[in-house]
Amino acid sequence: MPDMLLPTPEGTLEDYRLQGTPLVPRAPHTAFTRTAFAAAHVVSDPLRERDPWVGRPAVDWETTLSFRRGLWDQGLHLAEAMDTAQRGMGVDWLTAKELIERTMAEAKQHPLKPRVACGAGTDHKDPCDLRDPAAIVDAFETQMEAIEAAGGQVILMATRALPAINADAGTYKRVYSRLIGQASQPVILHFLGDAFDPALKGYWGADEFAAAAQTVLEIIEAHKDKVDGIKISLLEQAYEEELRSRLPEGVLLYTGDDFNYGALIEGDGTRHSHALLGIFAAIAPAASRALEALAAGDRARYHRLLEPTVPLSREIFRAPTRFYKAGIAFLAWLNDAQPHFIMPGGFQSARDITHYASVFRLADQAGLLSKPDIAENRMGQLLALHGIQEVTSG
């Protein structure tokens, strides 16, 4: 293939030639020893989209569901209607509810019988209507009921409503005790740092990790039979390991650390994390094969597969971290999992062309451009849109 001219963060252009060996998606040959949820994005229907910054998004349902089937085919479970699906950043609750219902219908028909855990929050209510704990509980319960009616497992998503009312630790305990008690099946809790959403600063009633962790551990201990696990997304390995070491027996730690997932999933020989990760949707072929290798006891191969994905993940999730969804959708477009690079709310504009060029390079080097010719052509289209010559004469 000829070289491409790609922009650099320094504002220059440099030649780049594809060099990776693509990993072809396939079903695992060995059952995983870690539970792995991939959080998936929503694919827009640009021909039906009207006023993208206002109202409900137009969704390409078949392409959105096809992407999920591709994850399931590789042995991954699904975290549905979460932050990766632009909840609160372009996707409203009514769209999320329809997404959950459609996804659950598909999952029930899939031969691998994947698990689907779905995000329940409070985003169908105006923040002005969530000024007291009772209103917040009621809002959560509405979404929990819809998820359980569809057959999904409930993830109690972190809500902006509790920090907005300056809830203290006691309020968190009362709210979550009520919600966990109302669930028909064990739930997954959600410890999302303010890097992912600045409005979540002070969650669990404290700015400091130690105090916040103590509150959530007390909630879990009081309801350990009704808590499947907790997803923690703080991008701090030591915090996750500390919380993991203090969980009651049988309660799982689902890593949401898109920087340090390799070491956390492998574990320290005594404890390990499971996975509930946005990056797994982007690196599914590598993640699936790495989990297969780990299950087979081949830790060297596990590291060979995952280590090249870490620079890619760190680029996709770099600050401002909340814009990471654009990188997930971009890779889906490069890999021909969707025919365009348009996102709900025009979210593709959240990142610059140098970021997308870096993602392209790093995905190639990790073997994650499964159709190199298509990926190169589409990268060229995006470069041309930004006034950059597609290909050099070399």
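The values are calculated or read from the model by the stated rules, or taken from the named source; none is laboratory data. Small disclaimer: the values here were computed from a predicted structure and weren't measured. Positions of Cβ are generated from backbone atoms using ideal geometry, with glycine treated the same way; all protein chains shown enter the neighbour counts. To get the accessible areas, we keep the full protein, side chains included, count just its heavy atoms, and leave off ligands, DNA and RNA. Shrake-Rupley method; radii C 1.70, N 1.55, O 1.52, S 1.80 Å.
Could you rank the peptides 82-91, 168-177 by their average count of other C-beta atoms within 10 Å per residue, with the highest value first? Show your work: numbers first, answer last.
On the way: 82-91: 22.6, 168-177: 17.3.
The peptides rank, most packed first, as 82-91, 168-177.
First compute the accessible area of segment 270-370 with a 1.4 Å probe, then give the percent of it belonging to carbon and sulfur atoms.
Numbers: 1470 of 2890 Å².
Result for segment 270-370: 51 percent of the exposed heavy-atom area is carbon or sulfur.
For segment 201-333, just say rounded, prolate or oblate: build the C-alpha gyration tensor, square-root its eigenvalues into a ≥ b ≥ c, call rounded for a/c under 1.5, and beyond that prolate if a/b exceeds b/c, oblate if not. Before the final figure, lay out each step's value.
On the way: a/c = 2.17, a/b = 1.33, b/c = 1.64.
Oblate shape, in that a/c is at least 1.5 and b/c is the bigger or equal ratio.
May I ask for the angle, rounded to the nearest 10°, between helix 353-365 and the longest principal axis of the chain, with both axes built from Cα atoms and the value confined to 0 to 90°?
Value to nearest ten degrees: 80.
Would you mind checking the tilt of helix 93-109 against the longest principal axis of the Cα atoms of the chain, expressed as 0 to 90 degrees and rounded to 10?
80 degrees
How big is D, in µm² s⁻¹, for segment 245-394 by Stokes-Einstein at 37 °C and 0.692 mPa s if Rh is the Kirkwood radius over C-alpha pairs?
Details: Rh = 16.6 Å.
Diffusion coefficient, whole number: 198 µm²/s.
Rounded, prolate or oblate: which fits segment 1-129, taking a ≥ b ≥ c as square roots of the Cα gyration tensor eigenvalues, rounded meaning a/c under 1.5, else prolate when a/b beats b/c? Don't skip to the end; give the middle numbers.
Numbers: a/c = 2.11, a/b = 1.18, b/c = 1.80.
Cα axes put segment 1-129 in the oblate bin.
Label segment 12-70 by shape, choosing from rounded, prolate and oblate, from the square roots a ≥ b ≥ c of the eigenvalues of the Cα gyration tensor; if a/c is under 1.5 it is rounded, and otherwise prolate applies when a/b is larger than b/c, oblate when it is not.
oblate
At 10 °C and 1.306 mPa s, grab the translational diffusion coefficient of the chain from Stokes-Einstein with a Kirkwood Rh over Cα pairs, rounded to a whole number in µm² per second.
Values: Rh = 21.4 Å.
D, rounded to a whole number, is 74 µm²/s.
Highest GNM mean-square fluctuation, the chain, Cα pairs closer than 10 Å: which of THR33, THR64, THR215?
Residue with maximal mean-square fluctuation among THR33, THR64, THR215: THR33.
So if I average 1/r over every pair of distinct C-alpha atoms in segment 34-108 and take the inverse, what Kirkwood radius in Å does that give? Mind dumping the intermediate values first?
Numbers: mean 1/r = 0.0785 Å⁻¹.
Mean inverse Cα-Cα distance, inverted, gives 12.7 Å.
Pull up the DSSP beta bridges for the chain and report the antiparallel fraction as a percent, rounded to 5. Let's see the in-between values first.
Working: 6 of 34 bridges.
If I count the DSSP bridges inside the chain, around 20 percent turn out antiparallel.
Rg over Rh of segment 345-393, using C-alpha atoms and the Kirkwood radius, what does it come to?
Details: Rg = 11.4 Å, Rh = 11.6 Å.
Across segment 345-393, the Cα-based Rg/Rh ratio is 0.98.
Once label points are set 7 Å from the Cα along Cα→Cβ at both GLU307 and ALA105, what is their separation, rounded to one decimal in nm?
Calculated label separation equals 4.6 nm.
Quick one: with all protein chains in place, what share of the accessible area of segment 54-195 is carbon or sulfur, to the nearest percent (1.4 Å probe)?
Working: 2700 of 5430 Å².
On segment 54-195, the fraction of accessible area on carbon and sulfur atoms equals 50 percent.
Between the helical axis of 133-150 and the dominant principal axis of the chain, each derived from Cα atoms, what acute angle in degrees is found, rounded to the nearest 10?
Approximately 60 degrees, to the nearest ten.
So for the pair ASP3, ALA135, with labels modelled 7 Å out along Cα→Cβ, what separation do we get in nm?
Between ASP3 and ALA135, the label points sit 6.1 nm apart.
When only alpha-carbon atoms count, how far does segment 149-229 stretch along each of its three principal axes, as whole angstroms with the largest first?
Largest first, segment 149-229 extends 33, 25, 19 Å along its Cα principal axes.
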